[in-house]
Amino acid sequence: MQRTPLIAANWKMNGSAALVEEMVEALTALPLTEQAVVVCPPATLLTHFPASCNFALGGQTLSHEISGAFTGELSADLLQEAGARYVIVGHSERRALNGESDELIAAKLARAVAAGLTPILCVGESATERQQEKTQQVLAQQLDAVYASQPELLAKSVIAYEPIWAIGTGESATPEQAQTTHAFIRQHLARYNTQSAVRVKLLYGGSVNADNFAALFRQADIDGALVGGASLKPAEFAQICLAVTKGAKE
Ligand code: PEP
């Protein structure tokens, strides 16, 4: 079974119209395979991207509601109208800073899929949880909360393993640590559906840069990356993207 790679950029609350232009210029120069890259800028910048470019766009979160009196929220339909095809769901910053529960994340993921967006579900353990050897328990709980009651959504999802201790710290997981955890995730997902578990793209996220990505991507169960800080540097991000242009992973 071959899985096509995916590199996702998470700009968080950063960027500008000028950065959009620089990123479009940097990525347009690349021979990107179809659907290899998705850029998730702040929602207000989505419409600054040209209507047709050689990469996809995504949102960073969405409401689980369809529409209505939810001041400040963004619906799946609004994201789609602004050009998004993907949406990040359950990023650890939203879990921690916005109090997003596993239940809410499950509802958001369902809403995204119902509206035709591909969710990028983020899961990952804290440093303490890793030290206490609770990584697998935490990941299993985060995955079960979403897929145990709606296993059919796995086939429509991308999953990003993002150890919290590696996000924005400059301390990436080693390729071996990441592979071990990705293998566990894929094995756990097989409980819901064996075919979907083999097919689902698993991205690694946490201090990915142009220097460490190739070794991570060589791992059997790592199908790409979710990139934060380095995705704000168009030349470096383009280098990361270039590493996956060679096509599918065995
Ligand atoms: C992220 O926030 O999703 C992320 C992976 O950030 P960074 O690459 O900066 O660690």
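Numbers at a glance
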quantity: Residue match in the range 77-86 (condition: farther than 15 Å from TRP11 by Cβ and of a type in the set (Gly, Ala, Ser)); calculated: no
quantity: Unmet requirement for GLU81, which otherwise passes all of (1) open to solvent by 20 Å² or more (accessible area, probe 1.4 Å); (2) farther than 30 Å from LEU30 by Cα; calculated: (2)
quantity: Hits in the range 103-122 (condition: part of a helix (DSSP H, G or I) and either open to solvent by 20 Å² or more (accessible area, probe 1.4 Å) or among the hydroxyl-bearing types (Ser, Thr, Tyr) (or both)); calculated: GLU103, LEU104, ALA107, ALA110, ARG111, VAL113, ALA114
quantity: Index of the failed condition, GLU125 passing every other in (1) in a loop (DSSP other than H, G, I, E, B); (2) closer than 22 Å to GLN187 by Cα; (3) away from the ligand (no atom under 16 Å from the Cβ); calculated: (3)
quantity: Scan of the range 212-249 for residues that are farther than 20 Å from PRO42 by Cβ, open to solvent by less than 10 Å² (accessible area, probe 1.4 Å), within 13 Å of the ligand (Cβ to nearest atom) and not small (Gly, Ala, Ser), ordered by number; calculated: PHE213, LEU216, ILE240
quantity: Failed item, numbered, when ARG3 is tested on (1) within 16 Å of the ligand (Cβ to nearest atom); (2) among the basic types (Lys, Arg); (3) open to solvent by less than 20 Å² (accessible area, probe 1.4 Å); calculated: (1)
quantity: Complete set of residues in the range 141-192 that are in a loop (DSSP other than H, G, I, E, B) and surrounded by 20 or more Cβ atoms within 10 Å (Cβ to Cβ); calculated: SER157, GLU162, PRO163, ILE167, SER172, ALA173, TYR192
quantity: In the range 175-211, residue farthest from the chain's Cα centre (by Cα) [restricted to those that are within 16 Å of the ligand (Cβ to nearest atom) and over 17 Å from GLY124 (Cβ atoms)]; calculated: ASP211
quantity: Filter result (of a type in the set (A, V, I, L, M) and out of contact with any helix residue (DSSP H, G or I) (no Cβ under 9 Å at 6 or more places or on another chain)) within the range 1-23; calculated: LEU6, MET13, ALA18
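The values are calculated or read from the model by the stated rules, or taken from the named source; none is laboratory data. None of these values were measured; they are calculated from a predicted model. No Cβ is skipped: glycine too gets one built from the backbone with ideal geometry, and neighbour counts run over all protein chains shown. Areas reflect the complete protein model, heavy atoms only, side chains present, ligands, DNA and RNA absent. Shrake-Rupley method; radii C 1.70, N 1.55, O 1.52, S 1.80 Å.
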